[in-house]
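Enquirer: Please see the structure below; I have some questions.
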Amino acid sequence: MNKRLMLSLAFAAGIGSMIGFFNPVPAQARIKLATLPDREAVVVRFDNPNVVMVEEERTISLQKGVNNVDFSWAGTQIDKGSIVFRPADAAAKVEILSTSYPPGEAALTWQISAAEAMSVKFRLSYLMANIQRETDYRMLVSKDEQTCSFKHYFKIRNWSGGRFATADFVTRDGKKFEKGLENGEAKRVLVNTWDKVKLTKEYVYDITRNGEGKVMTDYVLKNAKEIGLGAIPLEYGKVRIYQDDGNGTTAFTGEDWGRFTPIGDDMRLNIGIAQDIKIEMKKMVNDVQNRRGNVYDTDEVDEYEIKNFKDTDAVVTLVLRVDGEWEMKADTSGHESFERIDNETIKFKVKAPAKGTPVKLKFHYQKKNVW
Amino acid sequence: MRLTLAILALLVAVPLAAKEELVTLPGRDSVQLTIYNSEDLTLVRERRTLSFKQGSNRLQFSWANTLIDPTSVELQPVGDTAKAAIEIADTSYPAESHEMLIWTVSCKTAGAHVVEISYFTSGISWQAEYTGVVNANEDSMTLTAYVTVTNRSGEEYENAQVRLVVGTINLVEKIVNLATPRPQSQPRPSREDQRGARDMDRMAEKGGPGMGGGGGMVKPKEIIKGGLSEYYIYTVEGQETIPDQWSKRLRSFEVAGVPLKTVYRLEPAKFGPAFTKVLEFKNDEEHKLGKEPLPDGLIRLYKDQGMGRLGYMGALASKYIPKKDEVKINVGPDAECTLAIKRLSIKKKDLGFRNNWLIGWTTVEQFELEVKNFRGRAVEVEIHRTMAGDFDFESPDKFELHDAATRKVAFRLDANSARKLSYTVTTRLGENARK
């Protein structure tokens, strides 16, 4: 005896009677079933950054011999080549003989051989389109800007055409939560909270980031255990930053995109412009030296005047760039420290005293062999 | 079925349309499909038992609405008796139809004889596909290979023996173009949905081995592989029916415990400009494979998430992999193992002038590579650097010569660690260049 079974996605639920194969119904609505086993243990996984995998279990009553089981997914977008179908128990005495795909239909038929009549739990995995995911964070910074609480949210939007009465949603870092999700519905779930995370505040001057030469305020979080993070790589997502105002309420102080941050790496978040710190740049020397035919060297001094109108001292980071072959001269002054990041980039840290007392960074360098 | 074979009753020298009529319509006794994957080509061999009368017989063969190449259709007697009795006198292609021919067959002994009709058709194809389930440590996988046969030929071949040819053959003309008058681009008539439903039911009725028998366990069909000249032939055990417009996927083999190596590579010539994760194995006995070449096809990789659950890693198109050859699957960049390349400095020296004009110089560039492994386990790394022109390469790290322009370095990086490498490239430019 052949047995024909029909698996379909949730829109078939509730239709319990036989529907003939010859009913002149359009493909969108074609539902064929003898027995419709319910979906069990549905898992929606986000391991891959671009695609969503759905895994479900179905218990199918098989008869001894060869059984035909239909699976159709009209109205949803399943990548049919991605379908992996196997018994949940690898030792089950069943064999999947073949998979047949009818023309013009979102459907297939498995031919399953069973050693005896039995109920077998099968696991079915497939990639499903139009389930969107989004990560976002909320950061509540302490009044003194030394620590923060860092909350990690995961949002799913289901445009797939299918519905999930209940499913385990598993994020890329293995966090699991159980929810129901209708078609068209979105849900946002708090998946992680880290409290008392130490943060570093930096004032940064970098004209490649702000062309007007304004000083930016950055928070830097190291995704590491020693500052209270470091449990999982942080996914790309928007970070909304609030600060405790000391009166029992909070104020929104800015937002930025947090890039994907592996464990051990830094997440740098710009919260806005530090309007109380002003930097003015002047070129004080710009001479040609050592001319040989069409080749020459230059002698250049760039002067940066930094004024900090805050009530407290601040350390300002200046990220400066010079192209080609160059070297810094020894009389460069006004900085606490510097680091040549690469050939083109140098980073100075300058201490700016409070209340607007100006401080000058003198950057003296020689470009060599210019033509 | 759109193919018809008819014996024409009246043997008169008058125009075909006027006088002839069909007297028998013999079905196929057996059919064999040899499907090529490098070209849109299938060789069909079918056998039919026909009743011949003594003297001249006319056989009409027509193939309306199929994709058969008329120039390839042949008729052969099968077996000594038939060969002794039958001779093909001529083949005529009537002017009024491009989808028909008539064989004139002279028969010495009246009776039933077996003939083989062979022809090329386009529209039937096969494709290999692979599913790899990688274990949690990424050092082993279960590899399952499938073949999917798709029939868009316009003809249903029932209970056919199916052979699949792996290899690249040479064709001077496309079969689909020879299957005139249908232009290649003409869309095929679409079917009504309920027709699809009927087909599905029909498929089930026809089924395969063990169908309707209520017998014991049926194993998946074995796909027997054998070499032939430059090609490989996969023969599907038993018979298959693939209705027109249907596809059918069969398992070719499944091997568990294939040893797997993960290497993070910067090798732009092969894997593009990004530092990328590459899973590697060999199609050989040591890796429990190597029984046959692996035809080109999509490889989908899943990671075992424990308890038999899967997570999707990625998919990529694999090229034909000969026996013993290595397979490198680029699964894309991994943010948990990164490479940063910095040029720390550039200096120019040995400037040469002629008539006060620069004609030659040499640059000395220092580079730093930093590989960071944020993963909780050690990883293998291989980095290739390609330079241009007349250059010298120096490094305190163990770079090796890969080719004239490329140096490479390979090492193992412990869990949650980083390593910096440095090298200096001195390039002679202008008239300083010696080559």
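Enquirer: Please compute the Cα-Cα pair-distance distribution of the range A:131-273 with 10 Å bins starting at 0, giving whole percents from short to long.
Expert: Taking every Cα pair in the range A:131-273, the percentages come to 11, 37, 30, 17, 5, 0.
Enquirer: Could you grab the Rg to Rh ratio for the range B:110-176? Cα atoms only, Kirkwood for Rh.
Expert: 1.18
Enquirer: Restricting things to Cα coordinates, could you compute the convex hull volume per residue of the range A:277-370 in Å³?
Expert: Dividing the Cα hull volume of the range A:277-370 by its residue count gives 81 Å³.
Enquirer: With a cut-off of 8 Å between alpha carbons and a minimum separation of six or more residues, what is the relative contact order of chain B in percent?
Expert: In percent, rounded to a whole number, it is 12.
Enquirer: Hey, another quick one. Roughly how large, in nm² to one decimal, is the mean projection of the convex hull of the alpha-carbon atoms in the protein assembly as shown?
Expert: 48.2 nm²
Enquirer: Rounded to the nearest angstrom and ordered from largest down, what semi-axes does the equivalent ellipsoid of chain A get from its C-alpha gyration tensor (root of 5λ)?
Expert: 64, 25, 17
Enquirer: Compute the angle between helix B:193-206 and the longest alpha-carbon principal axis of chain B, please, reported from 0 to 90 degrees and rounded to the nearest 10.
Expert: Orientation of helix B:193-206: about 80 degrees from the principal axis.
Enquirer: Averaging over every viewing direction, what projected area does the convex hull of the Cα atoms of chain B cover, in nm²?
Expert: Over every viewing direction, the Cα hull of chain B projects on average to 33.6 nm².
Enquirer: If each DSSP helix of 4+ residues adds -39,500 (n - 2.57) and the sum is divided by the residues in chain B, what number results at 222 nm, nearest 500 deg cm²/dmol?
Expert: Calculated from helices alone, the mean residue ellipticity at 222 nm is -1500 deg cm²/dmol.
Enquirer: Rank the residues A:D244, A:D331 as a footprinting-exposure proxy: fewest other Cβ atoms within 10 Å of their Cβ go first.
Expert: Placing the least packed residue first, the sequence is A:D331, A:D244.
Enquirer: Placing unit charges on C-beta atoms (Lys and Arg positive, Asp and Glu negative, everything else neutral), compute the dipole magnitude of the range A:131-273 about its Cα centre in debye, rounded to 20.
Expert: Charge dipole, the range A:131-273, about its Cα centre: 440 debye, nearest 20.
Enquirer: Something else about it: Arranged by the count of other C-beta atoms within 10 angstrom, fewest first, what order do A:S337, B:S51 take?
Expert: Least to most surrounded, the residues fall as A:S337, B:S51.
Enquirer: Determine which aspartates and glutamates satisfy two conditions relative to A:K121: a Cα distance under 16 Å, and not lying fewer than 8 residues away in the same chain.
Expert: A:D38, A:E40, A:E55, A:E56, A:E57, A:D70, A:D89, A:E95
Enquirer: Then there's this: What's the average, rounded to a whole number, of partner chain beta-carbon atoms within 10 Å of each residue's beta-carbon in B:308-318?
Expert: Across B:308-318, the average partner-chain Cβ count within 10 Å equals 6.
Enquirer: What does the convex hull of the alpha-carbon atoms of the range B:337-430 project to on average, in nm²?
Expert: Approximately 6.4 nm², given one-decimal rounding.
Enquirer: Go through A:K238/B:K372; A:K283/A:K360; B:K291/B:K324; A:K368/B:K347; A:K80/B:K248 and tell me which ones have a Cα-Cα distance over 18 Å in this structure.
Expert: From A:K238/B:K372; A:K283/A:K360; B:K291/B:K324; A:K368/B:K347; A:K80/B:K248, over 18 Å: A:K238/B:K372.
Enquirer: Still on this structure: Could you please rank A:Y304, A:Y242, placing first whichever residue has the fewest other Cβ atoms within 10 Å of its Cβ?
Expert: Fewest to most other Cβ atoms nearby, the residues stand as A:Y242, A:Y304.
Enquirer: Now for a separate question. Tell me, what is the percent relative contact order of chain A, built from C-alpha pairs under 8 Å that lie six or more residues apart?
Expert: 11 percent
Enquirer: Would you mind giving the mean number of other chain beta-carbons within 10 Å of the Cβ of each residue in A:45-54, as a whole number?
Expert: Partner-chain Cβ atoms within 10 Å, mean over residues of A:45-54: 4.
Enquirer: Amide H of B:M313: which non-local residues (sequence gap of 5 or more, or other chain) have their own amide H closer than 5 Å, using H built in the peptide plane?
Expert: Long-range HN contacts for B:M313: B:L301, B:Y302, B:K303.
None of the figures in this text is laboratory data; all of them are computed from the coordinates on show. No experiment lies behind these values; they were computed from the predicted model shown. Please note: Cβ atoms are built from the backbone with ideal geometry, for glycine as well, and neighbour counts cover all protein chains shown.
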